[in-house]
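The values are calculated or read from the model by the stated rules, or taken from the named source; none is laboratory data. It should be emphasised that the depicted structure is a prediction, and the values quoted were computed from it without experimental measurement. When we count neighbours, we look across all protein chains shown, and the Cβ atoms used for this are built from the backbone with ideal geometry, even at glycine. For accessibility, only protein heavy atoms count, side chains too; no ligands or nucleic acids. Shrake-Rupley method; radii C 1.70, N 1.55, O 1.52, S 1.80 Å.
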Amino acid sequence: MVYNQIVYYILTPLEQSNFDLIYLEWLWALFKPVCFLLLTLFLLPSTILLFVYGSSLFCLVYKHWNRLKTAYSNDIWNGAVKSLAILWELQATIWHGYEVEGLENIPTNGPVLIIFYHAALPIDFYYLFAKVWLYRNRRVRVVADKFVFKIPGLGTLIEALEIQPSTSAVCKSMLDEGHVLAISPGGVREALFSDHNYRLIWKQRRGFAKIAIESKATIIPMFTKNCREAVRSMKFGRRFLRYIYEKTRLPIVPLYGMFPVKMITYLGKPISYDPDTTAEVLAGHVKKEIELLIENHQRRPGSITEAILERLSCFSKKRTETKE
């Protein structure tokens, strides 16, 4: 009798422990695919951030190495930026099969203003920057919201790319000097709160048109197919997060994705300077041109699955052509 009780008290906890282990294994087998899917969705966007920080680290190393070698040469960043352009083009080609249609529309000299639809993460602009630098031999000047300059670890990259605060005076100065400048009138608001229907969120912004007229700049409309399928912003709690953004300008909407979708940037026909056009008319014209690019080239609503299949089909087609 006593022996049976001893056996009972010893074996019962072991049996319960085994049962718990079996139950935990069952739970893990059940939810493992979901866990891996969620982990992948939210980790992949971080790869582009790692690439950005890697670029900044490269510039930092290059900066000091070049200073030691050339003793403060006049332009220490030229080789670094071109090297980064090659790396970004390689990444764009491998992951997205990235292409540009209409690159010849960018003039080889004179002030040029590129107006683009702002994706959740503007990787398409990074890719275009590389293409223009490598194949049109022109550097696209960049302006950014104030919060970008407060992000730790990006100071050297900002210095190398000569990124400036997004103000009318800075933009006009760049165009007056004859540079290529890229602006998204929708900005961060469009990036975070547009959707897979690719709505332009410009409100009544027409400052870019006024600057273009004053600088006699050529305007190039730009849109990248599937740019919002590559990285998306979360829809959950969007109204609340929109309220927070409008009050504080904090871009706290979570992003997910970095899917290997097919991406093609379309550069529309140049809109030349016309002294008789008002800023309001010009802004409306540019907006219509971008909406037309979206209408002609983008499947709406956007589909991540379709965009990935398009990337795979293009890859298979190129392999077949290579074998032939």
Q) In segment 167-213, how many are open to solvent by less than 40 Å² (accessible area, probe 1.4 Å), outside any helix (DSSP H, G or I) and more than 23 Å from T224 (Cα to Cα)? A) 1
Q | Among (1) among the β-branched types (V, I, T); (2) assigned to a helix (DSSP H, G or I); (3) crowded, with 20+ Cβ neighbours inside 10 Å, the one test that V281 misses | A | (3)
Q. Do the conditions hold for A130, that is, is it touching a helix residue (DSSP H, G or I) at 6+ places or on another chain (Cβ under 9 Å), of a type in the set (G, A, S), buried (at least 21 other Cβ atoms within 10 Å of the Cβ) and not in a helix (DSSP H, G or I)?
A. no
(Q) So, in segment 102-127, how many residues would count as being open to solvent by 20 Å² or more (accessible area, probe 1.4 Å) and closer than 12 Å to E89 by Cβ? (A) 1
Q: For residues that are surrounded by fewer than 13 Cβ atoms within 10 Å (Cβ to Cβ) and free of Cβ contacts under 8 Å to residues at least 12 places away in the same chain, scanning just segment 75-92, find the one that is nearest to Y126 (Cα to Cα).
A: L90
Q. Among the residues of segment 250-261, is any open to solvent by less than 10 Å² (accessible area, probe 1.4 Å) and either β-branched (V, I, T) or over 30 Å from E310 (Cβ atoms) (or both)?
A. yes
**Q.** Residues of segment 214-245 that turn out to be part of a loop (DSSP other than H, G, I, E, B) and open to solvent by 40 Å² or more (accessible area, probe 1.4 Å), as a count
**A.** 4
